[in-house]
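Okay, structure first, notes after.
Every number in this text was worked out from the coordinates using simple rules, so none of it is lab data. Quick caveat, the model's predicted, so the values are computed rather than measured. Cβ placement follows ideal geometry from the backbone for every residue including glycine, while neighbour counts extend to all protein chains displayed.
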Amino acid sequence: MSIEIRVQADELDALAEIAAVSAGDTRVGGVVSFVGLMRDLNQGDDIASMTLEHYPGMTEKALRKIVDEALERWELLGVRLVHRVGEVRPPDPIVVVAVAAAHRGEAFRACEFIIDFLKTRAPFWKRELKADGSQRWVDARSSDDAAAAGWGD
């Protein structure tokens, strides 16, 4: 089984991460992925960039716990979770979640589970730089909380 969890300042190569999750494992019948991109619009404002901050060590531990929960729920053959920190600009990839399984259903559910809990449990802080030069911290979204609550945890 291939499990990789990283937090990095370097740019993400989403296609390479997705390809690596199955890496020639002939048991894999499907790979499901999610790539979160930096948008240029939020809450009606033009956004020039965003800075993502985290607590090294604590963040990776929280991400590992989310992946471990997915591994308990579904029979997975690989998981790749890579998240950016530092400054990102539209349309940079911010996060890649790729899940490999023998069957598509497990891969789809596990990928959705991981991203839902990443949005609510992982200690990341986001500060936007608006096009007008002002800055603001990005608040948690109630829709993310509702999605995570839908898993019954």
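Candidate cross-link partners of K130 among the aspartates and glutamates, defined by an alpha-carbon separation under 20 Å and a same-chain spacing of 8 or more, comprise D40, D45, D46, E53, E87, D92, D139. Distance between the 7 Å Cα→Cβ label points at A9 and A48: 2.1 nm. Helical runs (DSSP H, four residues minimum) scored at -39500 (n - 2.57) apiece and divided by the length of the chain put the mean residue ellipticity at 222 nm at -10000 deg cm²/dmol. Charge dipole of the chain (Cα centre as origin; +1 on each Lys and Arg Cβ, -1 on each Asp and Glu Cβ, all else neutral): 180 debye, rounded to the nearest 20.
Within the same chain, lysines fewer than 8 places from K65 are excluded, and of the rest, those with a Cα less than 22 Å from its Cα are K119, K126. Computed over the chain, the convex hull of the alpha-carbon atoms projects to a mean area of 8.9 nm². For the range 7-66, the list of trypsin sites (Lys or Arg not before Pro) that fall in a loop by DSSP and count at most 14 other C-beta atoms within 10 angstrom reads R27, R39.
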